[in-house]
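One structure is given below, encoded as structure tokens.
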Amino acid sequence: MDGRLHGPLAGFTIGVTAARRAGELGALLRRYGGSVVHAPALRIVRPADDTELLAVTKELIDGVPDVVVATTAIGFRGWIEAADGWGHGEELLACLRAVELLARGPKVRGAIRAAGLVEAWSPGAESMAEVLDRLLGEGVEGRRIALQLHGEPLPGFVESLRAGGAEVVVVPVHRWMPPEDLAPVDRLIDATVARALDAVTFTSAPAAASLLSRAGERGRLAALLDALRHDVLAACVGPVTALPLQACGIDTVQPERFRLGPLVQVLSAELPARARALPVAGRRVEIRGHAVLVDGELRPVPPAGMVLLKALARRPGWVVSRAELLRALPGAGRDEHAVETAMARLRTALGEPKLIHTVVKRGYRLALDPAADAKYADA
């Protein structure tokens, strides 16, 4: 059977830290065969419930700015809809008709026109750098500029405008706050530290920073960083999202196009490439996070069994003692019978008892093919 029938992420467990679009990302990962652990590292304050957004909206209606920069389509629509719900919709639209309205890119331009407005200018690509260059080129000294944000700040953008003499009013649409229920985040941190996850995905810089902050509050930051540096893959949707992780010395992978689909495709290439594949008893055995591919056939393995299998695979073909395997089993105590029980279940899960040899009075070893024995003899 071809292992690809199971999807490239079969046997891997992936953490999802996103709040917005988490369902879409989770569905894509499952479609590719992965298992998903969802723990939103942030919560989104809806525009209609945001008293700070209401106050800023009233401030702009009362004192119309010179320029409004719309950065995201969903954020701009949310702002208009929230203002309408508060009874200030027409006043906000009148305000926006009277200003120089700049759109970050094509999607935002569409949202502006759907609201019955017309943008003064938009860059060809979704580039805030081009927007900033245009504003600074026009001159911003003494001008009042409103910047519609969606969740996360734009590094250097506000600072550059203020350095040029502008008054900047930030419009915080869909602000992000720590989650009300921290238990899922704590479980994700613990699972990462325990190497029960193969990868963790990040779709925003604030989510990455929030996860690191929560780990610090619990005294688990050093352990989390160690896991992400060495064993658990950190996958980010783009370079801005990766900044808090990279600042802590964590290498990340990112797609060339900053979208969810390409992010899943990167994981689908990276995780299988990191899996250990060995020729054992005439079979190709590929060891993944919570499952094994035996000649391409997916075999889910219990957690204790995976611990034993990974311990054997670290020294393929060599005998690993029962005492050493017992130490690897979490919570097993001192009874070596726990090793025998877990080993029996592992062999049943693999469906091929001959893959693992029992060496009487010594322990167990993977039945590495003779041709491979020489390769690993000095490992």
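The values are calculated or read from the model by the stated rules, or taken from the named source; none is laboratory data. Predicted, not measured: the structure shown is a model, and the values here were computed from it. Note that each Cβ is placed from the backbone with ideal geometry, even for glycine, and that neighbours are counted across all protein chains shown. Side chains included, ligands, DNA and RNA excluded: accessible areas come from the protein's heavy atoms. Shrake-Rupley method; radii C 1.70, N 1.55, O 1.52, S 1.80 Å.
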Inset, instruction - With a point put 7 Å past each Cα toward its Cβ, work out how far ALA55 is from ALA94 in nm, to one decimal. - result: 2.5 nm
Legend entry - Global size of the stretch 54-169 as Cα Rg and Dmax, reported in angstrom: 13.2, 37
Legend entry - 1.4 Å probe accessible area per residue over the stretch 57-141, in Å²: 45 Å²
Inset, instruction - For ALA125 paired with ARG362, estimate the spin-label separation in nm (one decimal), with each label point 7 Å from Cα along the Cα-to-Cβ line. - result: 6.0 nm
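Within 10 Å, count the other beta carbons around each residue, average over each peptide in 73-80, 142-149, and list them highest first.
Details: 73-80: 22.1, 142-149: 19.6.
Put in order of decreasing packing, that is 73-80, 142-149.
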Legend entry - Cα long-axis angle, helix 73-85 against the chain (0 to 90 degrees, to the nearest 10): 60 degrees
Legend entry - nm² value of the averaged projected area, convex hull over the Cα atoms of the chain: 22.6 nm²
Legend entry - Rounded FRET efficiency, nearest 0.05, which uses the C-beta distance separating ALA27 from ARG257 and R0 of 25 Å: 0.85
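Per 0.36 nm of contour for each residue apart, how much would the distance between TRP318 and THR348 grow if the chain were fully extended, relative to their Cα-Cα spacing? Display every interim value, and only then the final one.
Numbers: separation 30, 0.36 × 30 = 10.80 nm, distance 2.15 nm.
Stretched fully, the TRP318-THR348 segment lengthens by 8.6 nm.
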Inset, instruction - Express the carbon and sulfur contribution to the solvent-accessible surface of the chain as a percent, rounded to the nearest whole number, probe 1.4 angstrom. - result: 52 percent
Legend entry - Cα gyration tensor of the stretch 101-189 - equivalent ellipsoid semi-axes, whole Å, descending: 30, 18, 12
Inset, instruction - Amide H neighbours of ILE356 under 5 Å, at least 5 residues apart or on other chains, H built in the peptide plane: list them. - result: ALA367
Inset, instruction - May I have the extent of the alpha carbons of the stretch 316-368 along their three principal axes, as whole Å values ordered from largest to smallest? - result: 28, 22, 17
Legend entry - Full-stretch length increase - ARG113, ASP133 - with 0.36 nm per residue and alpha-carbon distance subtracted: 4.8 nm
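Find the lysine pairs in the chain meeting two conditions, Cα atoms under 29 Å apart and a separation of 8 or more places or different chains, and report how many there are. Kindly include the intermediate steps, with their values, before the conclusion.
Working: LYS58/LYS107; LYS310/LYS354; LYS310/LYS361; LYS310/LYS375; LYS354/LYS375; LYS361/LYS375.
Lysine pairs meeting the criterion: 6.
For GLU180 and ALA273 in the same chain, what is the full-extension length gain: residue separation times 0.36 nm, less their Cα-Cα distance, in nm?
Numbers: separation 93, 0.36 × 93 = 33.48 nm, distance 3.71 nm.
Result for the pair: 29.8 nm of gain on full extension.
At 222 nm, what value in deg cm²/dmol follows for the chain if DSSP H runs of at least 4 each add -39500 (n - 2.57) and the sum is divided by all its residues, to the nearest 500?
Details: 16 runs with 168 residues, N = 379.
Value at 222 nm, helices only: -13000 deg cm²/dmol.
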Legend entry - Between the stretch 310-338 and the stretch 31-65, the alpha-carbon center distance in angstrom: 49 Å
Legend entry - Whole-Hz couplings from phi, Karplus 6.51/-1.76/1.60, listed for the stretch 309-314; x for Gly and Pro: 5, 5, 5, 5, 6, 5
Inset, instruction - Using θ = phi - 60° and the Karplus relation 6.51 cos²θ - 1.76 cosθ + 1.60, list the HN-Hα couplings for the stretch 158-165 in order, rounded to whole Hz, with x at every Gly or Pro. - result: 4, 4, 5, 5, 5, 5, x, x
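Can you tell me the accessible area per residue over the stretch 213-327, all protein chains present, probe 1.4 angstrom, in square angstrom?
On the way: 5230 Å² over 115 residues.
Computed with neighbouring chains in place, this is 45 Å² per residue.
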Inset, instruction - Considering only DSSP beta bridges where both residues belong to the chain, give the percentage that are antiparallel (nearest 5). - result: 45 percent
